[in-house]
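The values are calculated or read from the model by the stated rules, or taken from the named source; none is laboratory data. This one's a predicted model, so the numbers in the text were calculated from it and none came from an experiment. Cβ placement follows ideal geometry from the backbone for every residue including glycine, while neighbour counts extend to all protein chains displayed.
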Amino acid sequence: MDGQPTAEVVDQIRDIPIYRPSIERGYFPVLEKPEIARGFPDNWMTPRLAEALASGAAEFVLSTGTNHDRMQIIRPPYFLLRSYYRLWSEHPDISATWEEGCRRVSLTTVLATEHVARVNARKRGAEPDPLPELDERRLDERTVYVNLRLDPALWEREEVERMLAEMRTARDAHPKGWYHLDCSSYHLAHLVRKVSEWSLWDKFPQPASIIHAYEYTPVNVKRYLQQHFACPIIDLFGSTELGYLYYSDRRGRYRPHLDKMSVELLPVAPDSQIYHLVVSSVRNPYMPLIRYRSGDCVRTLDGTPDPDRIARFCGREKELLRTAHGPVSQGDLDDRVAAATPRVFLHQLRVTGEAEAELHCTTFDGAPLGPAEAAALEDGVRELTGRRCRVEHRAHIAIGKSGKYAWLAKDH
């Protein structure tokens with residue numbers, strides 16, 4: 001499969017300036033992010049789009065900038081939210097919580113909370129409050145955001161008790177005492193640690209369903225959450241510009257959700273079984289993306305480039321570590337960590353030289369790893385990367401300014 005769009009798709013994009021050269025040549029190359037930004041928005045402008053922007057049916061937004069430079073895009077209002085709601089409503093394991101009208105509590109990056117507060121303030125013709133009240137953090141009748149701090153490791157008891165109270169408010173609004181918890185897996189793991197440390201479990205209302213959808217979830221974090229929650233825990237994969245593309249079932253197997261989309265997998269390097277995702281989508285009618293390189297990496301069940309056999313999303317192409325044995329992804333290192341010990345919570349590989357590295361780790365219980373665990377980790381990293389490795393315990397690993405963690409850092 002060469003990924004070229006069908007005649008039906010070509011008809012839908014015929015008037016869009018960025019695609020005219022490809023239509024004339026009869027061949028669509030892979031579309032890169034810099035190409036999207038070059039000449040924006042004129043390279044996307046059509047009479048239909050101009051009319052939609054004027055009427056409010058389309059709007060300019062920025063991608064999160066979490067894993068690449070922020071990119072301006074055009075989309076219908078609430079495009080990503082509607083994609084999320086549709087997937088939630090159709091998911092075989094958790095659709096009941098949608099149908100039952102569960103409130104959605106979102107525990108994720110403070111940037112997401114600030115965005116919602118900013119939009120609500122703009123509607124009122126006011127400036128956003130630095131510490132917005134609950135109603136100012138409400139996205140719609142169903143969804144509220146609760147995190148107000150960049151680094152969840154630094155949450156104080158008063159903040160945690162406020163967030164738990166807001167979760168109870170969502171639960172108490174439902175006749176069955178159900179609510180849906182939407183989260184970054186790291187943020188929820190931090191909350192569980194704080195709740196355990198301060199013996200607050202009697203104040204933590206158990207959710208009826210959980211979705212984590214904001215970044216890569218490490219094996220140990222997934223295992224840790226499963227130990228503390230009895231409800232289905234679902235992973236979604238998507239992006240600001242595309243919406244959601246894949247979802248896991250409660251056993252962790254990924255299924256496609258490719259409404260008005262197709263996916264092809266291209267190797268990140270010759271002979272590599274890590275593939276980057278190339279997506280063609282007309283789901284967003286105002287900015288259809290044809291053979292768009294999303295920057296995300298995947299592995300498949302059998303190592304072949306079959307999109308139906310994706311086994312995991314394993315990080316970002318931009319963050320691959322090049323080694324003599326080929327590229328290494330975030331997921332590859334994570335597998336070595338999880339195989340060595342279930343106690344590691346956060347980890348960051350610091351490349352300190354051509355043949356050396358340090359693996360900085362925090363643990364769920366806060367105690368350093370034992371000698372055998374550390375030795376197993378060091379051996380695993382050396383086998384994977386070809387670098388001598390020293391494991392270093394840390395009480396704290398700082399979160400990035402985007403509210404997400406970097407798995408790889410280079411000191412040379």
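Quick notes on this structure:
This table checks each residue for (1) touching a helix residue (DSSP H, G or I) at 6+ places or on another chain (Cβ under 7 Å); (2) of a type in the set (Phe, Trp, Tyr); (3) under 19 Å from ILE234 (Cβ atoms).
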{"position": "CYS102", "(1), (2), (3)": "no, no, yes"}
{"position": "VAL105", "(1), (2), (3)": "yes, no, yes"}
{"position": "VAL119", "(1), (2), (3)": "no, no, no"}
{"position": "ASP129", "(1), (2), (3)": "yes, no, no"}
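- Hey, PRO288 touching a residue at least 40 places away in the same chain (Cβ under 8 Å), touching a helix residue (DSSP H, G or I) at 6+ places or on another chain (Cβ under 7 Å) and either crowded, with 21+ Cβ neighbours inside 10 Å or not basic (Lys, Arg) (or both) or not: yes
- Answer residue from the stretch 74-89, given it is of a type in the set (A, V, I, L, M) and under 20 Å from TYR246 (Cβ atoms) and is surrounded by the fewest Cβ atoms within 10 Å (Cβ to Cβ) among those: LEU81
- The single condition among (1) out of contact with any helix residue (DSSP H, G or I) (no Cβ under 9 Å at 6 or more places or on another chain); (2) touching a residue at least 24 places away in the same chain (Cβ under 8 Å); (3) within 22 Å of TYR85 (Cα to Cα) that VAL278 does not satisfy is (3).
- Subset of the stretch 136-151 [farther than 9 Å from THR109 by Cα and touching a residue at least 12 places away in the same chain (Cβ under 8 Å)]: GLU136, ARG137, ARG138, LEU139, ASP140, ARG142, THR143, VAL144, TYR145, VAL146
- Output for the stretch 57-73, where each listed residue is assigned to a loop (DSSP other than H, G, I, E, B), surrounded by 15 or more Cβ atoms within 10 Å (Cβ to Cβ) and at pLDDT 90 or above: ALA58
- Scanning the stretch 47-56 for residues that are without any contact (Cβ under 8 Å) to a residue 12 or more places away in the chain, exposed (fewer than 13 other Cβ atoms within 10 Å of the Cβ), over 26 Å from MET261 (Cβ atoms) and hydrophobic (A, V, I, L, M, F, W, C) turns up at least one hit.
- Qualifying residue in the stretch 10-31 (condition: loosely packed, with under 11 Cβ neighbours inside 10 Å and under 13 Å from SER281 (Cα atoms)): no
- Considering (1) at pLDDT 95 or above; (2) not basic (Lys, Arg); (3) not in a strand (DSSP E or B), the lone condition that ILE210 does not fulfil carries the number (3).
- In the stretch 166-219, residue surrounded by the fewest Cβ atoms within 10 Å (Cβ to Cβ) [restricted to those that are within 30 Å of ASP332 (Cβ to Cβ) and of a type in the set (Phe, Trp, Tyr)]: TYR214
- From the list GLU35, GLU51, the lone residue that is acidic (Asp, Glu), closer than 19 Å to ASP296 by Cβ and not in a loop (DSSP other than H, G, I, E, B) is GLU35.
- The residue that is farthest from GLU114 (Cα to Cα), among those in the stretch 32-46 that are surrounded by fewer than 12 Cβ atoms within 10 Å (Cβ to Cβ) and not basic (Lys, Arg), is ASP42.
- Residue identified as under 26 Å from TRP198 (Cα atoms), of a type in the set (Val, Ile, Thr) and surrounded by 20 or more Cβ atoms within 10 Å (Cβ to Cβ) among VAL110, VAL144: VAL144
- Selection from the stretch 238-291 of residues that are of a type in the set (Ser, Thr, Tyr) and outside any loop (DSSP other than H, G, I, E, B): SER239, TYR244, TYR246, TYR247, SER248, TYR254, SER262, TYR275, SER280, SER281
- Single condition GLY125 does not satisfy, out of (1) surrounded by fewer than 16 Cβ atoms within 10 Å (Cβ to Cβ); (2) modelled with pLDDT of 95 or more: (2)
- Cβ separations smaller than 6 Å between residues 6+ apart or across chains give the following pairs from the stretch 207-222 residues that are within 16 Å of ALA340 (Cα to Cα) to residues that are modelled with pLDDT of 95 or more and surrounded by fewer than 22 Cβ atoms within 10 Å (Cβ to Cβ): VAL219/ALA338; ASN220/ALA338; ASN220/PRO342.
- Qualifying residue in the stretch 343-356 (condition: at pLDDT below 95, in contact with a strand residue (DSSP E or B) (Cβ under 8 Å, 6 or more places away or on another chain), polar (S, T, N, Q) and buried (at least 16 other Cβ atoms within 10 Å of the Cβ)): yes
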